[in-house]
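Student: Take a look at the following structure, please.
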Amino acid sequence: MTIAALIVAAGTGTRMGGPVPKQYQMLGAEMILTRTIRALLASERIDHVITAIHPEAGDLYSKAAAPLSDPRLLPPVH
């Protein structure tokens with residue numbers, strides 16, 4: 001059996017406010033999305049991690065995923 005984790009991070013975060021959507025805001029030294037992806041990749045039971053992002057958030061996603069080098073992290077989808 002293959003297990004895939006889907007992170008839904010396509011929102012614009014307008015209700016929270018701030019310069020970027022909440023999933024890309026910093027929590028300590030990392031973006032919230034980076035922490036989320038890292039937590040899922042920590043599980044050996046998960047075969048793939050896929051993140052749904054807003055079509056205009058490609059650059060922000062690239063920054064969030066940059067510290068992660070795990071082949072189970074697949075390219076984002078819109």
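The values are calculated or read from the model by the stated rules, or taken from the named source; none is laboratory data. Predicted, not measured: the structure shown is a model, and the values here were computed from it. Positions of Cβ are generated from backbone atoms using ideal geometry, with glycine treated the same way; all protein chains shown enter the neighbour counts. Ligands, DNA and RNA are stripped out before the accessible areas are found, and what is left, the full protein with its side chains, is counted by its heavy atoms. Shrake-Rupley method; radii C 1.70, N 1.55, O 1.52, S 1.80 Å.
Student: Expressed as a whole percentage, what fraction of the accessible surface of the chain belongs to carbon and sulfur atoms when a 1.4 Å probe is rolled over the protein heavy atoms? Mind dumping the intermediate values first?
Tutor: Working: 3000 of 5080 Å².
Whole-percent figure for carbon plus sulfur exposure: 59.
Student: In the chain, which GluC sites (Glu not before Pro) fall in coil by DSSP and have 13 or fewer other Cβ atoms within 10 Å? Mind dumping the intermediate values first?
Tutor: Numbers: sites: Glu30, Glu44, Glu56; in loops: Glu44, Glu56.
Within the chain, the qualifying GluC sites (Glu not before Pro) (loop, at most 13 other Cβ atoms within 10 Å) are Glu44, Glu56.
Student: Scale the Cα Rg of region 1-71 by the rule-of-thumb value 2.2 N^0.38 Å and send over the ratio, two decimals. Could you put the intermediate results ahead of the total?
Tutor: Values: Rg = 12.4 Å, N = 71, 2.2 N^0.38 = 11.1 Å.
Dividing the Cα radius of gyration by 2.2 N^0.38 Å gives 1.12.
Student: Rounded to the nearest whole Å², what accessible area per residue is found for the chain with the 1.4 Å probe? Before the final figure, lay out each step's value.
Tutor: Values: 5080 Å² over 78 residues.
So the chain comes to 65 Å² accessible per residue, rounded to a whole number.
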